[in-house]
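K.L.:
The structure under discussion is supplied below as structure tokens; questions concerning it will follow.
The values are calculated or read from the model by the stated rules, or taken from the named source; none is laboratory data. All values derive from a computational prediction rather than experimental measurement. Ideal geometry is used to build each Cβ from the backbone, glycine not excepted, and the neighbour counts take in all protein chains shown. Side chains are part of the model used for accessible areas, which takes the heavy atoms of the whole protein and leaves out ligands, DNA and RNA. Shrake-Rupley method; radii C 1.70, N 1.55, O 1.52, S 1.80 Å.
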Amino acid sequence: RVLFRSDIKNLPSGTYSVTIKDAMGCIKTLDARITQPPLLVQTLDAVTDILCYGDKTGEVNITVRGGVPPYTYGWNNGGTTQDVKEIPAGKYSVTIKDANGCTKTISVNIIQPPKIVHKLDTVINNRCYGESNGAVNITVTGGVPPYSYKWNNGATTQDISGVPAGKYTVQISESNGCTKTLSAEITQPKILVVKIDSVKNI
């Protein structure tokens, strides 16, 4: 006949023993072992930042092990896959949950370079028809310097000078390969025409 019964709860993993003694002094001992799954571990494998301002080329790759598979993923941008790709710059976090409901969170920041800003400073037009004294001066900031320049007349300098009238375009490239294009037109006056209307002989 059982005279006393007691349970224990909310215990960590380990081995537990209970000694039971009845009213007659009879004794019994029971052993029990409480186990736990492996620790749920998350690892941030790779973060791919944005090369060109405004692009959506960011990536976050993670590895998850331990716990009780399968895992589910909840990204703050709505993603439910283990890794996220083709994302813009910003702060991202993912909550990983195993089959037992245990959770871990990873946070990461995807960064991007400053926006390339190009400005047409001055355009110097030719004063006389047929001259080659025109010039275009530009300013470039942002992106990832240094910059390279490719004009449609073959020039590779930031500014051009000593050029005839016409339409000029420059492709500006920075170190990450991001590009911007700027156009300008150098004008000239109409050709000066001198005409002899009449000649009166003596």
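K.L.:
Restricting attention to segment 38-56, which residues are among the small types (Gly, Ala, Ser) and either part of a loop (DSSP other than H, G, I, E, B) or in contact with a Phe, Trp or Tyr (Cβ under 7 Å, 6 or more places away or on another chain) (or both)?
P.N.:
Correct list: Gly54 only.
K.L.:
Okay, moving on. Tally up the residues in segment 146-198 that are at pLDDT below 95 and of a type in the set (A, V, I, L, M), please.
P.N.:
5
K.L.:
Continuing with the same structure: Which residue pairs have Cβ atoms closer than 6 Å, lie 6 or more positions apart in sequence or on different chains, and pair a first residue in segment 23-37 that is open to solvent by less than 100 Å² (accessible area, probe 1.4 Å) and part of a loop (DSSP other than H, G, I, E, B) with a second residue that is at pLDDT below 85 and not aromatic (Phe, Trp, Tyr)?
P.N.:
Ala23/Leu3
K.L.:
Here's a follow-up. Would you mind stating whether Ile138 is touching a residue at least 24 places away in the same chain (Cβ under 8 Å) and in contact with a Lys or Arg (Cβ under 7 Å, 6 or more places away or on another chain)?
P.N.:
Spelling it out, Ile138 is indeed touching a residue at least 24 places away in the same chain (Cβ under 8 Å) and in contact with a Lys or Arg (Cβ under 7 Å, 6 or more places away or on another chain).
K.L.:
Same structure, new question: In segment 76-92, what residues are surrounded by 14 or more Cβ atoms within 10 Å (Cβ to Cβ) and within 17 Å of Thr63 (Cβ to Cβ)?
P.N.:
The answer is Gly79, Gln82, Asp83, Val84, Tyr92.
K.L.:
Report yes if some residue within segment 168-181 is surrounded by 15 or more Cβ atoms within 10 Å (Cβ to Cβ), within 15 Å of Asn125 (Cα to Cα) and polar (S, T, N, Q); otherwise report no.
P.N.:
no
K.L.:
Among the residues that make up segment 46-62, is at least one of them among the small types (Gly, Ala, Ser), open to solvent by less than 90 Å² (accessible area, probe 1.4 Å), free of Cβ contacts under 8 Å to residues at least 60 places away in the same chain and over 28 Å from Thr81 (Cβ atoms)?
P.N.:
Looking through segment 46-62, none of the residues is among the small types (Gly, Ala, Ser), open to solvent by less than 90 Å² (accessible area, probe 1.4 Å), free of Cβ contacts under 8 Å to residues at least 60 places away in the same chain and over 28 Å from Thr81 (Cβ atoms).
Conditions (1) under 30 Å from Lys180 (Cβ atoms); (2) not hydroxyl-bearing (Ser, Thr, Tyr), marked per residue:
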site: Ser13; (1), (2): no, no
site: Glu59; (1), (2): yes, yes
site: Val64; (1), (2): no, yes
site: Trp75; (1), (2): no, yes
site: Asp83; (1), (2): no, yes
